[in-house]
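**Q** Starting off with a structure, shown below.
The values are calculated or read from the model by the stated rules, or taken from the named source; none is laboratory data. Small disclaimer: the values here were computed from a predicted structure and weren't measured. Cβ atoms come from the backbone with ideal geometry, glycine included; neighbour counts cover every protein chain shown. For accessibility, only protein heavy atoms count, side chains too; no ligands or nucleic acids. Shrake-Rupley method; radii C 1.70, N 1.55, O 1.52, S 1.80 Å.
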Amino acid sequence: MTDANEPAVPKPVAGSPRLGEPAVPFRVRTTFGPRSLDGYRGRWLLLFSHPADFTPVCTSEFIALAKLHDRFQALGCDLLGLSVDSLFSHLAWVRSIRDAFGADIPFPIAEDLSMAVASAYGMIHPADADTSAVRASFLIDPAGILRLFTYYPTPIGRNAGEMLRALAALQEADRSGLSMPGDWQPGGDGLLPPPVTAAEADARAGAGAPAWYYQARAVTP
């Protein structure tokens, strides 16, 4: 039987995750008990790494995500933080954030001492001077498919609101079949896919849109 402290992952090359493919399975110890990718089936998951506990930028990110936790939950999405720090470091850090900033962290933080998950998801960049995980974020859909990922360098914090917006945009695109334009916000119009034949382009040209290749449609409930 595999110990909960040993992530059940293969050994792919760092940086190998690909959009539209199954996310790498894992099993980890967290501040909320054992967690695995299979345990999130049927819900969205935002898996995100941070360089180190007790650092200022990481603290600011966790506080921001804690404030938006209920909104992620309303969209059927769970959050799971991860770093190569130990579980005991995570527990101490969470307590410190609560005591110093009055913010409870309502989602689990996983330890990855062996760097198995970080390596499998490309969270460790070979060019970095140490083995800290970069600020990587992965949105995994209810079927376990990787739908979006981003990497931020250590000195720059991520925008929690943008993570939430991207989740809402992906869900709306799946539901409506439309594409979401740049700076889209929930309730805004979507875009039709571009035409793929000359006849379709000619038909679009007379439809009153600004351009034959750009046609907005209201997103209906």
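**Q** So who's got an amide H within less than 5 Å of the one on PHE26, skipping anything under 5 residues away but keeping other chains? H placed 1.01 Å off N, in plane.
**A** Here LEU37, ASP38 satisfy the definition.
**Q** Helix 160-176 against the longest principal axis of the chain: what's the angle in degrees, Cα atoms only, rounded to the nearest 10?
**A** So the helix axis and the longest Cα principal axis differ by about 50 degrees.
**Q** Right, next: What FRET efficiency comes out for the pair PHE101/TYR214, r = Cβ-Cβ distance, R0 = 35 Å, nearest 0.05? The partial results should precede the final answer.
**A** Working: r = 45 Å, r/R0 = 1.28.
Calculated value: 0.20.
**Q** Related question: For PHE62, what accessible surface area do you get with a 1.4 Å probe? Give it in Å², rounded to 10.
**A** 0 Å²
**Q** Shifting gears a bit: Leaving ligands and nucleic acids out of the surface, order LEU148, LEU79 by accessible area at 1.4 Å, largest first.
**A** On the way: LEU148 50, LEU79 5 Å².
Solvent-accessible surface, decreasing: LEU148, LEU79.
**Q** Right, another one. Protein chains only, probe 1.4 Å: how do MET115, MET123 rank by accessible area, largest first? Walk me through the numbers before you get to the answer.
**A** Numbers: MET115 55, MET123 0 Å².
Highest to lowest solvent-accessible surface, that is MET115, MET123.
**Q** With N denoting the number of residues in the range 158-200, provide Rg(C-alpha) divided by 2.2 N^0.38 Å, to two decimal places.
**A** On the way: Rg = 12.6 Å, N = 43, 2.2 N^0.38 = 9.2 Å.
Expressed relative to 2.2 N^0.38 Å, the Cα Rg reads 1.38.
**Q** How far apart, in nm, are the 7 Å Cα→Cβ label points at ALA201 and ASP38?
**A** Result for the modelled spin labels: 5.0 nm.
**Q** Taking every alpha carbon pair in the chain, what does the distance histogram look like in 5 angstrom bins from 0, in percent?
**A** Taking every Cα pair in the chain, the percentages come to 1, 7, 14, 17, 18, 14, 9, 7, 5, 4, 2, 2, 0.
**Q** Let me ask another. Quote the relative contact order of the chain in percent (integer), defining contacts as alpha-carbon pairs under 8 Å separated by 6+ residues.
**A** Numbers: 393 pairs, mean separation 49.4, N = 221.
Once normalised by length, the contact order is 22 percent.
**Q** Between ALA92 and ASP183, how high is the FRET efficiency from 1/(1 + (r/R0)^6) when r is the Cβ-Cβ distance and R₀ = 35 Å? Nearest 0.05.
**A** My answer for the efficiency is 0.35.
**Q** Output the 0 to 90 degree angle, nearest 10, between the alpha-carbon long axis of helix 87-101 and the longest principal axis computed from the alpha carbons of the chain.
**A** Taking the Cα atoms of the chain, the angle to 87-101 is about 70 degrees.
**Q** Count charges around GLY102 for me, please; just the other residues with Cβ under 14 Å from its Cβ, Lys/Arg as +1, Asp/Glu as -1. Each step should come with its number before you reach the end.
**A** Values: positive: LYS67, ARG95, ARG98; negative: ASP99, ASP104.
Spelling it out: positives minus negatives among the neighbours equals +1.
**Q** Treating only the Cβ of Lys, Arg, Asp and Glu as charged (+1, +1, -1, -1), what charge dipole size does the range 41-135 show about its Cα centre? Round to the nearest 20 debye. Mind showing how you got there, number by number?
**A** Working: 7 positive and 11 negative charges, 76 e Å.
For this selection, approximately 360 debye.
**Q** While we're on this one: CYS58: accessible area at probe 1.4 Å, nearest 10 Å²?
**A** Accessible area of CYS58: about 0 Å².
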